[in-house]
1. Residue pairs, Cβ under 6 Å, 6 or more apart or interchain, first in the range 252-270 and of a type in the set (S, T, N, Q) and modelled with pLDDT under 95, second surrounded by 15 or more Cβ atoms within 10 Å (Cβ to Cβ) and not in a loop (DSSP other than H, G, I, E, B). List them.
2. List, please: which pairs have Cβ atoms under 9 Å, are six or more places apart or on different chains, and start with a residue in the range 284-304 that is surrounded by fewer than 22 Cβ atoms within 10 Å (Cβ to Cβ) and end with one that is in a loop (DSSP other than H, G, I, E, B) and basic (Lys, Arg)?
3. Does Pro234 satisfy being more than 16 Å from the ligand (Cβ to nearest atom) and modelled with pLDDT under 95?
4. So which strands (runs of 3 or more DSSP E) are wholly in the range 240-337 and hold at least 3 residues that are within 15 Å of the ligand (Cβ to nearest atom) and in contact with a Gly (Cβ under 8 Å, 6 or more places away or on another chain)?
5. Residue by residue through the range 108-133, note down the ones that are more than 7 Å from the ligand (Cβ to nearest atom) and part of a helix (DSSP H, G or I).
6. Restricting to the range 195-245, and then to whatever is among the aliphatic types (A, V, I, L, M) and exposed (fewer than 14 other Cβ atoms within 10 Å of the Cβ), can you tell me which residue is nearest to Gly271 (Cα to Cα)?
7. Return only the number of the condition from (1) surrounded by fewer than 19 Cβ atoms within 10 Å (Cβ to Cβ); (2) at pLDDT 95 or above that Asp118 does not satisfy.
8. Which of the helices (runs of 4 or more DSSP H) found entirely inside the range 23-90 contain at least 3 residues meeting this: among the polar types (S, T, N, Q) and away from the ligand (no atom under 16 Å from the Cβ)?
Amino acid sequence: MSPAPITLDRFILEAQQVSPGATGELSLLLMRLGVAGKRIASALSRAGLTGTLGAAGAQNVQGEEQKKLDVVANEILVETFDYGSLVTVVASEEMEEPVVYAQKETGGGYAVLFDPLDGSSNIDCNGTLGTIFSIRRRKDGGSADLLRSGHEQVAAGYVLFGPAVLLVYTTGSGAHLFTLDPAIGEFLLTRDSLSMPERGRGYAVNEGRAHAWAPEVRAFVDYLKQDDKASGRPYSTRYSASLVGDVHRFLLEGGIYLYPPDAPGGKSPSGKLRVLYECHPLAFVVEQAGGRASTGTQRVLDVVPDSLHARIPLAIGSREEVELFDRFSSGRDPKPGPRT
Ligand code: FBP
């Protein structure tokens with residue numbers, strides 16, 4: 001008899017049993033995220049049949065065209081926490097202001113932030129998509145609860161919608177991978193305590209924006225593309241227009257995802273990606289797997305944003321590549337020491 005599959009709920013409960021002082025609230029939250037992931041997966045897989053592809057006819061706070069599925073995924077997540085007094089406030093890429101639930105007075109020890117559908121440009125062409133989430137302990141219950149460093153996350157992760165639906169999360173004791181078994185509708189553990197390779201062979205960046213980059217960034221990307229077998233170059237480009245999809249690849253294979261800032265005077269001096277519901281949660285997961293996440297000058301988890309939708313440059317992936325990017329970014333000689 002093969003061993004019983006380890007469901008997400010079982011894995012969470014067993015982790016709770018060995019966590020001193022655990023109340024079970026965080027466990028419930030993580031289980032709900034599993035359910036929300038399944039509901040979003042179902043909506044995505046039937047979107048072409050239910051008329052939910054295409055634009056919603058409005059712009060979000062980022063000034064981006066909102067897709068119908070952005071709205072559907074956002075609603076599913078807002079509903080997911082709107083009962084049981086676990087969560088006080090939620091914030092989303094798709095909402096200008098946080099939603100403070102009516103249950104504020106009765107407790108609700110947590111705040112949850114999410115990017116309901118990452119990789120929006122992939123929505124209508126059946127490309128890879130993801131949902132990114134970050135969980136923090138509540139403080140005063142207001143938006144100030146949210147503007148804190150990435151170290152204050154108690155849990156984070158993502159659901160990846162690709163050929164398979166995957167869920168990866170961390171609570172600070174390693175990063176764990178679950179695969180949705182459509183036959184039973186359960187996320188089953190497929191890899192626990194993921195360990196990211198120290199270095200990789202792939203890089204992901206929108207080179208169509210190279211004209212806007214600072215010379216150091218261009219030099220770094222050019223360096224990866226140089227033909228030098230001894231140092232494992234050239235790297236292969238692996239950009240899917242889905243941050244979650246690319247980061248997940250590098251979590252397994254090694255490599256680096258980059259969304260750099262534009263050079264001073266450029267349209268996006270802080271890059272594109274949002275601190276609280278894209279960069280912080282993925283940095284937590286990647287660091288738990290032995291990788292790194294940097295702005296080029298600062299560890300992403302150290303960043304304290306000054307607004308809910310603040311953006312930062314992001315270099316995330318294997319330790320060697322991210323440290324190399326930091327060296328290029330600070331103009332230091334990128335080639336100290338041997339590279340195997
Ligand atoms: P969304 O959350 O709005 O999708 O933005 C994030 C993202 O789509 C990433 O998933 C992706 O890597 C990047 O933006 C693509 O940006 P660009 O189109 O500039 O390459």
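The values are calculated or read from the model by the stated rules, or taken from the named source; none is laboratory data. Worth saying up front: this structure is predicted, and the values here are computed from it rather than measured. Cβ sites come from the backbone with ideal geometry, for glycine too, and all protein chains shown count toward neighbours.
1. Pairs found: Ser270/Arg311.
2. Taking only residues 6 or more apart or on different chains, the pairs are Val304/Arg148.
3. Answer is no for this residue.
4. Numbers: elements: 256-259, 292-294, 314-317.
Those strands (runs of 3 or more DSSP E) span 256-259, 314-317.
5. If the condition is that a residue be more than 7 Å from the ligand (Cβ to nearest atom) and part of a helix (DSSP H, G or I), then Asn122, Ile123, Asp124, Cys125 are the ones that fit.
6. In the first step, residues of the range 195-245 are kept if they are among the aliphatic types (A, V, I, L, M); the result is 196, 204-205, 210, 212, 214, 217, 219, 221, 224, 230, 241, 243-244.
Next, from what is left, pick out any that are exposed (fewer than 14 other Cβ atoms within 10 Å of the Cβ): 210, 230.
Details: Ala210: 12, Ala230: 32 Å.
Applying the filter and picking the extreme gives Ala210.
7. (1)
8. Working: elements: 25-45, 47-50, 68-80.
Hits in the range 23-90: 25-45.
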